Amino acid sequence: MDGEVQIPGYTALAERLLAHCLVQANLSDASKAPDAFAGAFRRLASVFALDHAAAAGEPPRAIMSTLAAGLVEATAGSSCRLLLKSASDSLSLLEEIGLASTAMPVAVPLTRFDGETVGVLELLCSRALGAADLELAAEVGSHIAELAVTAGLLPWLSSGVRLEDRPSLDEDTQAGAKMLARILATALEIVGADRGWMLLHDSSTDELFTSQAEGLGGRELRVGAQDGIAGATFRTGEQINIAQAYQDPRFNPAIDFQLGYRTRNILCTPIFASDGRKLGVLQVVNKGHGTFDSADEAHLRALAAQMGVTLDYTGLFEQVLRMKSHNESMLRSLTNGVLTLDMRGEVTFVNQAALDILRRSEDELVGVPVMKVFGEMNAWILEAIDEVANGRSEKNLPNNEFYIESLGEWVSANTTLLPLLDSKRNPLGFMLVIESLEREREWRRTMSRYLSNEIIDQLMQDSDGMLGGVAQPATTLFSDIRGFTTLAEQLGAAGTVSMLNEYFSYMEDVVTNRSGVIDKYVGDAIMAVFGLPHAGENDARNAVAAAGEMLQVLELLNRRRAEATGAAPIRIGVGLATGMVIAGNIGSPKRMDFTVIGDAVNLASRIESMTKNYGAEILICEHTRAHLAEDAKLRRVDVVRVRGQTRPTSVFEVHDHRPDCWTSRFEEAIAVYEAGLDAYITGQWAEALKRFQASLALREDDKAAKLMIERCRHFHLDPPANWDGVSG
C-alpha cells in the first residue's frame, strides 16, 4: 500500500506564527513577557482552532482568510492581498486582509505542496521584511494554495477531468457489463463505501474512464492516466489508501467540484489482466464510519481480481466480434466487388461495390443461390466454383463478361474465385471477387485529359517504375503569352478565362500531334515535353516543328478572334532545351503531379524568357540544334550562361516556320549578324559593332542587332575584365 502523504496540520503552523509574532515584540522587560505572550496567543487563537474548524466543515475560503490574517499579525504587517492565477496565467485579486497601506508590497508565490504555483501573496509592512518573514509567508502561502484548490477557486485545474454522457452498450457486451456492475455493488457493500467506480485505461487517449460507476448519475468520467489518486494507482500498480483526501497533493478535487460532492477518504486498487497487464483501477470513496482499514484493502484487491478475470473473458469475446466487424468493414470498403458463398452456394455477404456492379440490392442477393444471382447466361461461374471446390485453390478469370439480365447489358470484369478454409483446411465456402473494368475505362477517359495515351499505357504497364522516377533524354518546350497582364485587363475575368481555354485547346492539339505531352499549364504559360515515356531520335525535331506550328496556328486563331470580336492579337514566345530530365510523380502524399525536372527544364524556361530580349519567336539551345537537319533555317543569336547553371550554351533563333521571310536579303542579314557575333565573342568590339550595324541596315526591325550594338558601344568604352564571350 502506498502511504499517505503527510502535510503539516494547522496547529503546527499556528505555533510557528506565534513564535514569529513574539520575535517582533520587545521582550527586554521580562515583567511584560507574559502579557505579550498572552496578547499574541489571543490574537492568533483563531489559527490555533483551525484543525477543529476544518474537521467541523469550516469552508476553505474562511480558513484562507484566517491564515492570511494570522500572517499579517505574525509579521506586524499592515495588510496582505491574495491574487489567484487564471487559465490565461493572468492574476486577479481574491481578497485583501487588513488596512490599506502605501507600503511597498513583497510578493510571495502561492505554491502547492506538489510544487505548482497557483497565485501570489502580497504582504505589506512598514518595516523591511527579512528572510525569516519570507520563509514564514511562503509556508502560509502553500496552505492557502491548497485551500484555493479545495474551495474550487481554480477551475482551470479541472480541465483534465470530463464528465460525459455514457455511450450505450450493444447486446453482445451487456452481459459482461452486468457482471462487472454486480462486482462493484458487492465492493461498495463489503467495505461500506458511499460511492465507487471501475476505471479502465483507454490507450488511444491515455485516459482512465468509468466502465462501471455508482454516484455519477449515469455519466462517464474521464481523467488522465497520470492524474489524481486513480492515475497514481494505475501508474504504480500499487494499492493506495487515503484517510484525508484533501490533505494529499495527488488528489484532484475537480471531480468533487463538478459533482457537488466532498470526498473524505479513498481506497483505490489496480485491476490486472491474467497476463499481468494493467487494465485500470477499482476505486471506492467515503467509508460510512471511520476510514478504510486493512480488511477493506484485502477485500478490494480480491474483488479487483474478479473484475480482471471478467474483463479477460469479455475482452476475448469482444475481440472476436471486433475482428468479425473489422473484416466485414474492410470488405465493404473495397472498390472491388466481393460476394461470399456458403457450401450450398448461397450468398452470405455482399459489399457495396458488388451491388453496384451487378445492379442489385442487398435484399435481392443475400440468402439467394448463386445461380439465381447470375442467371443461365453466366453459367460459367458455377463451373468455376466446382473447379475451386475440387482443387481448393483460387481461380483467376481475366477479361470476362457478366450479363446483367435486368438491364440487358454486358459488364466487363476480371473475376477471381477463392476457397474459404478453416485452420485445418476444411472448406467453409467461397469468395467471389469482381474487378470491374468499367473503372479502368473511366480512368483512361479521365487521365487522357492530362496525359498522352503513351504515358497512360506506360503507367498501367509499369506504374512503379514510371511514378518512382526515371532519368532519360527529352526536349522541353516552354511558351508564354506576351503582355498577358495588359491583355487580361482588357478582356476582364470571364473573357480571359475564355481566351485561355480556346488558346490552350489549339496549342494542345499541336503538341500532341507531334508526339509531345502537355506537362502543365501555369497561368498563361505552357510546359510540354517531347520524349516521354520513351525517348526517340526525332524528339528535338518534333519539338521544334511543334513550336513553329504553334505560331502558325496562333495566326489562324488571331484572325478568327479579330473577325469575331475585333480582339487584339495574341503574341507568344517559345523556348526549347534538350538534355537529361527526371520524370516521375513529384509532390506531397496528398497532392502529386507527374512532371519532369532537371537542368534542361530550367534552361528551356530561361531561354523562353530571352525571346523578349532578342525579339525572337522561337529560341533553342545548342543541344536542340545538334538534333536538327543541317539545312535548318536558324540564326545563332548569342552565347549565354543562364542563372543557376555554370555551363554556357549557344542560343539559336528558329525561322523554319517563316519560309516567306527567308529572302536573300534576310539570309545576308543573318550571315553579317553571325560574323558580328564571332567578333563580339572574341572581344573585337569595333569590328562587332560595324557588323551588327550592317546587319541592322539589311533588317531594320532586328531587335537582337539593336541589343548587340548597345552592348558593343558599352564594352568599347568600358571593356569587361576576363571576358569569355558569354553573356550573363
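The numbers here are math on the coordinates, done by the rules we state, and not lab data. From a predicted model like this one, the values you see are computed outputs, not experimental measurements. Glycine gets a Cβ as well: all are built from the backbone with ideal geometry, and neighbour counts include every protein chain shown.
A few notes on this one:
- Here's the picture: charge each Lys and Arg Cβ at +1 and each Asp and Glu Cβ at -1 in segment 663-728, and of Leu717, Ala705, Gln684 the one pushed furthest to the positive end of that dipole is Leu717.
- Using a Förster distance of 51 Å, the FRET efficiency for Asn722-Thr565 (Cβ separation, nearest 0.05): 0.40
- R0 of 22 Å, Cβ-Cβ distance Arg641-Gln684: FRET efficiency to nearest 0.05: 0.60
- Residue-span extension gain [Ala131 to Thr186] - 0.36 nm each, minus C-alpha spacing: 14.2 nm
- Cα-only radius of gyration and Dmax that characterise segment 663-728, units Å: 11.6, 39
- Its residue count N fixes a reference of 2.2 N^0.38 Å for segment 105-145, and the Cα radius of gyration divided by that reference is 1.12.
- Cα-centre dipole for segment 450-655 with unit charges at Cβ (Lys and Arg positive, Asp and Glu negative), debye to 20: 680
- Relative to the current alpha-carbon distance between Glu364 and Val23, full extension at 0.36 nm per residue lengthens the span by 113.2 nm.
- Here the dipole of segment 334-440 is about 400 debye; that uses its Cα centre as origin and unit charges on the Cβ of Lys and Arg (positive) and Asp and Glu (negative).
- Footprinting exposure proxy ranking of Leu428, Leu707, fewest other C-beta atoms within 10 angstrom first, gives Leu428, Leu707.
- Least to most buried among Val581, Val368 (fewest other Cβ within 10 Å first): Val368, Val581
- Size check on segment 334-440: the Cα extents along the three principal axes, sorted descending, read 41, 28, 27 Å.
- Segment 213-264 - percent relative contact order, Cα under 8 Å, separation 6 or more: 29
- Approximate spin-label separation Leu397-Glu508, in nm, with each point projected 7 Å along Cα-to-Cβ: 3.9
- Crossing angle, helix 294-333 versus the chain [Cα axis fit, 0-90 degrees, rounded to tens]: 20
- Placing unit charges on the Cβ atoms of the charged side chains and taking the dipole of the chain about its Cα centre, the candidate lying farthest along the positive direction among Leu136, Val47, Met179 is Leu136.
- Per-residue Cβ neighbour counts within 10 Å put Tyr10, Tyr521 in the sequence Tyr521, Tyr10, beginning with the fewest.
- The chain: angle of helix 171-191 to the longest principal axis, Cα-based, in degrees nearest 10: 30
- Separation in nanometres of the label points that stand 7 Å from Cα toward Cβ, at Ala379 and Ile586: 5.8
- Think of the chain as a dipole: +1 on every Lys or Arg Cβ, -1 on every Asp or Glu Cβ, centred on the Cα centre; then among Val411, Gly644, Ala379, Gly644 lies furthest on the positive end.
- Using alpha-carbon coordinates, inclination of helix 131-150 to the longest axis of the chain, degrees: 80
- Taking 0.36 nm per residue of separation and subtracting the current Cα-Cα distance, fully stretching the chain between Ala177 and Glu15 would add 53.0 nm.
- Taken as Cα centroids, segment 356-389 and segment 552-602 sit 51 Å apart, rounded to the nearest whole angstrom.
- Which listed pairs, of Lys278/Lys424; Lys520/Lys703; Lys85/Lys287; Lys612/Lys633, have C-alpha distances above 23 Å, in listed order: Lys278/Lys424; Lys520/Lys703; Lys85/Lys287
- Modelled label positions at Ser204 and Asp356, each set 7 Å beyond Cα in the direction of Cβ, lie 2.6 nm from each other.
- Residue-normalised convex hull volume from the C-alpha trace of the chain: 330 Å³ per residue.
- Residue-wise HN-Hα coupling along segment 647-660, computed from phi with Karplus coefficients 6.51, -1.76, 1.60 (Hz; x: Gly, Pro): 8, x, 9, 7, 10, 10, 9, 8, 10, 4, 7, 10, x, 5
- Overall, the chain carries a charge dipole of about 1360 debye about its Cα centre when +1 sits on the Cβ of Lys and Arg and -1 on the Cβ of Asp and Glu, all other atoms neutral.
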